[in-house]
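Worksheet: the structure to be examined is printed underneath.
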There are 2 protein chains.
Amino acid sequence: MTFKRTNPLALAVLALLTERPMHPYEMAQTMRERHQEEVVKLNYGSLYTVVESLHRHELITAAAVQKAGNRPERTVYAITGTGTAELHSWLRALIAEPAREYRRFEAGISMVGLLPPAEALDVVQRRSAAVGEQLTALAVLLEKLAGMGLPQLAWIELDYRLAMLRAEREWLAWFATATREGTVGGYPGWEDRHR
Amino acid sequence: MTFKRTNPLALAVLALLTERPMHPYEMAQTMRERHQEEVVKLNYGSLYTVVESLHRHELITAAAVQKAGNRPERTVYAITGTGTAELHSWLRALIAEPAREYRRFEAGISMVGLLPPAEALDVVQRRSAAVGEQLTALAVLLEKLAGMGLPQLAWIELDYRLAMLRAEREWLAWFATATREGTVGGYPGWEDRHR
DNA sequence: ACCCTTATACTCGGCACCGGATATACGGGA
DNA sequence: TCCCGTATATCCGGTGCCGAGTATAAGGGT
């Protein structure tokens with residue numbers, strides 16, 4: 001049975017192990033410290049499942065089992081050659097091939113016609129405000145990271161997110177105006193349906 | 001136990017049932033016809049699970065059980081008052097509150113430094129090309145829909161997607177140039193690590 | 001010396017989800 | 001008339017994921 005690239009947490013684990021061998025809990029700590037959990041969903045339950053799966057597929061090996069005092073055993077894992085190959089191949093695929101992602105907002109906005117125009121305008125504006133806040137928070141964070149001397153490459157995904165958030169805000173602004181002014185295509189019918 | 005808003009497929013089911021009562025298979029057909037499955041992930045297995053869950057929570061009721069010849073029984077469901085309320089409330093939440101979504105590309109690009117710059121450039125350009133194709137395909141589709149006389153509100157989510165794809169393409173173009181010219185912050189170290 | 005909080009490190013049961021299997025009806029070509 | 005592919009309609013077994021639970025150790029205040 002070949003390894004299934006489902007949970008990106010497995011990717012993060014492989015990436016961490018390229019630096020040095022670690023035990024699962026340490027991986028989690030490191031991910032926290034580096035704010036990686038903002039990009040890859042971290043969940044203790046899943047972490048151990050994922051590590052076990054990587055181990056079964058021999059992408060990582062149990063390098064050592066430490067035991068300090070009466071504490072639970074800590075299994076330290078290291079990445080294998082196959083593991084490194086898998087990491088790189090997976091990474092290339094993730095970047096090169098855009099994959100259909102079912103985003104919550106797309107689902108929501110596709111059914112916005114079910115709400116009366118006034119309510120729709122309200123919720124869109126609320127989102128717009130929230131996105132605005134995220135944007136300023138992100139700008140502050142980027143400022144801080146740059147100030148700490150971290151290279152841009154270390155937080156490139158935030159740069160990407162910034163661009164996406166800006167685009168979203170602009171679209172939301174357009175939609176809000178078009179709804180307020182009734183210029184969105186199909187507006188008359190929309191209003192009629194809600195009386 | 002209160003209903004959990006996990007699977008957006010449940011949202012689509014509620015939305016469909018505002019039009020008329022349907023049995024599960026008919027819901028699936030209708031979603032196909034309207035290209036809703038591009039926005040909400042449709043899966044027969046999940047559909048029946050989701051419908052059952054909605055039924056348990058009394059957001060829909062079994063309006064009738066039809067039986068034609070020797071065919072399997074078809075249970076026709078209708079939306080309830082609570083169901084309609086839930087639909088609207090869920091919809092408002094989806095639109096108004098941006099939710100952290102763990103996007104595959106963000107995970108990938110955050111680790112792009114693990115690939116040698118030349119490979120990184122290659123995969124980013126490949127994605128850029130793919131996004132370009134999606135953009136033209138989408139433009140054609142929008143043209144067609146508008147030509148069919150469908151109001152913009154009926155395909156508003158595609159409009160949103162268009163805006164996001166454009167922004168992504170621009171960002172990818174920037175990153176590709178910055179990588180090619182070595183102007184992305186941290187480039188020297190990146191190159192050094194891969195020799 | 002004692003207690004309480006926080007950190008360490010993992011375990012486990014439940015459940016949503018998915019893909020493929022199942023079973024019948026129907027239409028059309030040879 | 002017989003077969004076979006497609007449409008109709010649902011079911012079900014396996015699995016990955018999640019959140020909450022568990023248990024010990026370390027630290028620090030009084």
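The values are calculated or read from the model by the stated rules, or taken from the named source; none is laboratory data. Predicted, not measured: the structure shown is a model, and the values here were computed from it. Neighbour counts are summed over all protein chains in view; Cβ atoms, including those assigned to glycine, are modelled from backbone coordinates with ideal geometry. Note: accessible area is taken over every heavy atom of the protein model, side chains too, but ligands, DNA and RNA are not part of it. Shrake-Rupley method; radii C 1.70, N 1.55, O 1.52, S 1.80 Å.
Projecting the Cα positions of B:PRO8, B:GLN36, B:TYR48 onto the charge dipole of the stretch B:8-96 (unit charges on Cβ atoms of Lys, Arg, Asp and Glu, taken about the Cα centre) puts B:TYR48 furthest along the positive direction.
Within the full protein context, the accessible area of A:TYR25 is estimated at about 110 Å² for a probe radius of 1.4 Å. The residues A:ASP122, B:ASP159, sorted by heavy-atom accessible surface at 1.4 Å with ligands and nucleic acids left out, run A:ASP122, B:ASP159 from largest to smallest. Counts of other chain beta carbons within 10 angstrom of each beta carbon in peptide A:149-158 average 6.
Here the spin labels are modelled as points 7 Å beyond Cα on the Cα-Cβ line, and at A:ARG100 and B:THR177 they lie 3.4 nm apart. The share of accessible area on the stretch B:8-96 that comes from carbon and sulfur is 49 percent, using a 1.4 angstrom probe.
Legend: residue pairs B:LYS4/B:LYS144; A:LYS4/B:LYS41; A:LYS41/B:LYS4; A:LYS41/A:LYS144; A:LYS4/A:LYS144, Cα-Cα distance threshold 30 Å; pairs beyond threshold, B:LYS4/B:LYS144; A:LYS4/A:LYS144. Modelled spin-label separation between A:ALA93 and B:HIS55, with each label point placed 7 Å from Cα along the Cα-to-Cβ direction: 3.7 nm. Residues A:LEU14, B:LEU150 ordered from highest to lowest accessible area at a 1.4 Å probe: B:LEU150, A:LEU14. Ordered from highest to lowest accessible area with the whole protein assembly present and a 1.4 Å probe, A:TYR160, B:TYR44, B:TYR77 read as B:TYR44, B:TYR77, A:TYR160. Quick one: Debye curve from the alpha-carbon atoms of the protein assembly as shown only, equal weights, vacuum; give me log10 I(q)/I(0) at q = 0.08 Å⁻¹ to two decimals. Relative scattering, expressed as log10 I(q)/I(0), comes to -0.53. Skipping prolines and chain starts, which residues have an amide H placed within reach, meaning under 5 Å, of the one on B:THR80, given they are 5 or more residues away or on another chain? Here B:ILE60, B:THR61 satisfy the definition. The figure for B:ARG180 is an accessible area of roughly 130 square angstrom, using a 1.4 Å probe on the protein chains alone. Summed over both chains, the accessible area lost when A and B associate is about 6400 Å², using a 1.4 Å probe. Here the translational diffusion coefficient of chain A follows from Stokes-Einstein with Rh set to the Kirkwood radius across Cα pairs; for 20 °C and 1.002 mPa s it amounts to 105 µm²/s.
A Förster radius of 41 Å combined with the Cβ-Cβ distance from B:THR136 to A:ARG195 puts the calculated FRET efficiency at roughly 0.55.
Please compute the volume of the convex hull spanned by the alpha-carbon atoms of the stretch B:1-93 and report it per residue in Å³. Spell out each step's value before the answer.
Values: hull volume 9.4 nm³, N = 93.
Per residue, the Cα convex hull of the stretch B:1-93 comes to 102 Å³.
Would you calculate, for the protein assembly as shown, the mean residue ellipticity at 222 nm contributed by helices, counting each DSSP H stretch of 4 or more residues as -39,500 (n - 2.57) and dividing by all residues, to the nearest 500?
Numbers: 16 runs with 238 residues, N = 390.
Computed ellipticity for the protein assembly as shown at 222 nm equals -20000 deg cm²/dmol.
Residue of chain A with the smallest Cβ distance to the axis mapping A onto B, distance rounded to whole Å: A:ALA167, 2.
Can you give the mean number of other chain Cβ atoms that lie within 10 Å of the Cβ atoms in peptide B:87-94? Present the calculation step by step, with values, prior to reporting the outcome.
Numbers: counts 3, 5, 0, 3, 10, 8, 3, 11.
So the per-residue partner count for this stretch is 5.
Accessible area of the stretch A:104-193 with a 1.4 Å probe: how many percent of it is carbon plus sulfur? C and S atoms contribute 56 percent here.
Averaging sequence separations of C-alpha pairs under 8 Å and six or more residues apart, then dividing by the length of the stretch A:89-195, give the relative contact order as a whole percent.
Values: 37 pairs, mean separation 40.0, N = 107.
Value for the stretch A:89-195: 37 percent.
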